[in-house]
Every structure is written in C-alpha cells, then in structure tokens.
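No value in this document is a laboratory result; all are computed from the given coordinates. Keep in mind that what you see is a predicted model, and the values were worked out from it rather than measured. Heads up, the Cβs are rebuilt from the backbone with ideal geometry, glycines too, and the neighbour counts pull from every protein chain shown.
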Amino acid sequence: MEIVGTGFLARNLRPLADSYPDTVALAAGVSWASGTSAADFAREAELLRRTARRCAAEGLRLMFFSTAATGMYGLAEGPGREDGPVTPCTPYGAHKLALEGLLRDTGADHLILRLGHLVGPDQPEHQLLPTLLRQLREGTIRIQRGAARDLIDVTDVVTVVDRLLALDLRAETVNVASGAAIPVEEIVDHLQHSLGLAAERVYQYAGRQHDISIEKLRALVPQVERMGFGPDYYRRILDNFTAGTGTRV
C-alpha cells in the first residue's frame, strides 16, 4: 500500500505498507477542525483531485479519510449513519463532505472512512487529548458545555483498516469509531483522577453531542466486538495515552 503523508495517521499505517499493493492511502491534508484557512482546504482538495486521477489512470483504489466528528454529524437526528442525509455544521465538516463528493466524481475506485477522534502517542498538539493535557498542566481547562466526543485508539483504527481493505471494498463509505459519545467533562474527570492534576474549569459556549453509528462497521468487521467498544472503552485508551506521554503528577 502506498501511503501519502507523513503525519500521525500516516505513521501509524506503516505496518500495512507491504500489503494491498493496489491501494493508495491518502493520509495527508487538514486534520484541524477549527481555525483552518480556505487555502488549507484548497490544497487538500487539489491533492485529492490529483491523487484520484492517478489512481483512476493506474487502476488503483484510493482510501480517503474523512470525518465522523461533530462537524459532519452534529446536526443528525439519531446516530450519524453513512447512508443517511448529512448536513455539516462546521466549515471543516462541509469541506470533508465536499471532498467525498469530489472523489466519487473522479471515477476512481475508492473507500471512504469517516473517522472518530483518534487517540495515540505523538499525535499533533492541536488535537483534543494533547490540548486537554496541556491545559490540565497549566491549571485551567476550557470545556464546551454539553460537548461529547467519540474516541478511538489509532491502533484499533489500523486493525479495522486492515480488515476493511482485505474485503476489497469499492465505492463504500464506513464510519470508523467506537460508537460511544463520551461527554468531554467525563474525559476530563478521568484524566484528572488518573494523573492527580487539579485545574479550574472554564465553561465556554455549548458544544454538540452526537452518536456515530457503527452498525455497518460491526457487520463488515465482526472483530470489533473484541476491541471493547462501548461506554467504558475510552477509559482504557485514555490510560494508554497518558502512559505514553510520560505525564507525571
């Protein structure tokens, strides 16, 4: 598998590099759901367009990583599903949905994976878990009131990707998440308890809470039943993450 990109997800996909020679994994582009410029969006769109054209010409399958996060499904009634209508509620969500359409229009064989919030060692500092840890250490943590996030370990994502690619899926969209929306306050509670860190909580504007449907994922990859997905899954991956950061009280 050819991996396009050098960032967090791309690095974690490297164990699959010698498998699936007919597949290109586009693991590059915008990974910041807020504060992203139109220029960043345009660069990612051009990269996708160029890569998809090459895949179409060479008979390759393109795996594109979209989002199942709030920006995509935050306005959904009930769990966000791959086969239902989607009304993005952020520029980032609208951008990712537009890229999905762009990819389909190129005619390239493709697999679209809508990801939850990835967690793992050495992830970018602007993402959720590094941000929360940094704020905890600084003594003041900012929380969107009512917000919730579906966290999934990046190693579990790689396992799921491996299984999905082995099915030789084409023209499919699949949510890859744990299926459990965890209130951000509970995530902070667990981090504080585990690390013994005290911080003042500053509540900001109300966030959104939504569930991500993983019904399709469970049907395609029965092995996810052994990954422990559910309401307590986040505790293990938070503990793994903090252990990997070397955080000390």
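A compact table of results
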{"read-out": "Hydrodynamic radius (Kirkwood) for the chain, which is based on Cα pairs only, to one decimal in Å", "value": "18.6"}
{"read-out": "Crossing angle, helix 128-138 versus the chain [Cα axis fit, 0-90 degrees, rounded to tens]", "value": "20"}
{"read-out": "Electrostatic dipole magnitude of the stretch 1-139 [Cβ: Lys, Arg +1; Asp, Glu -1; Cα centre; debye, to 20]", "value": "160"}
{"read-out": "Sequence of SER37, SER178 once ranked by neighbouring C-beta atoms within 10 Å, starting from the fewest", "value": "SER37, SER178"}
{"read-out": "Amide hydrogen neighbours beyond the local backbone of ARG114, cut-off 5 Å, H modeled", "value": "SER66, VAL174, ASN175, VAL176"}
{"read-out": "Whole-number D in µm² s⁻¹ for the stretch 104-243, Kirkwood Cα-pair radius fed into Stokes-Einstein, 37 °C, 0.692 mPa s", "value": "202"}
{"read-out": "Fraction of antiparallel bridges per DSSP, the chain only, in percent to nearest 5", "value": "5"}
{"read-out": "Crossing angle, helix 91-106 versus the chain [Cα axis fit, 0-90 degrees, rounded to tens]", "value": "20"}
{"read-out": "Spacing of the two label points (7 Å from each Cα toward its C-beta) at GLU125 and VAL202, in nm", "value": "1.8"}
{"read-out": "Helix-derived mean residue ellipticity, 222 nm - over the chain, DSSP H n ≥ 4, -39500 (n - 2.57), to 500", "value": "-12500 deg cm²/dmol"}
{"read-out": "Whole-percent pair-distance distribution, where bins are 5 Å wide, for the alpha carbons of the stretch 66-105", "value": "6, 28, 34, 23, 7, 1"}
{"read-out": "Per-pair calculated FRET efficiency, R0 = 22 Å: GLU172 and ARG14 via Cβ, rounded to 0.05", "value": "0.40"}
{"read-out": "Computed lengthening from GLU46 to ARG142, 0.36 nm per intervening residue step minus Cα-Cα distance", "value": "31.1 nm"}
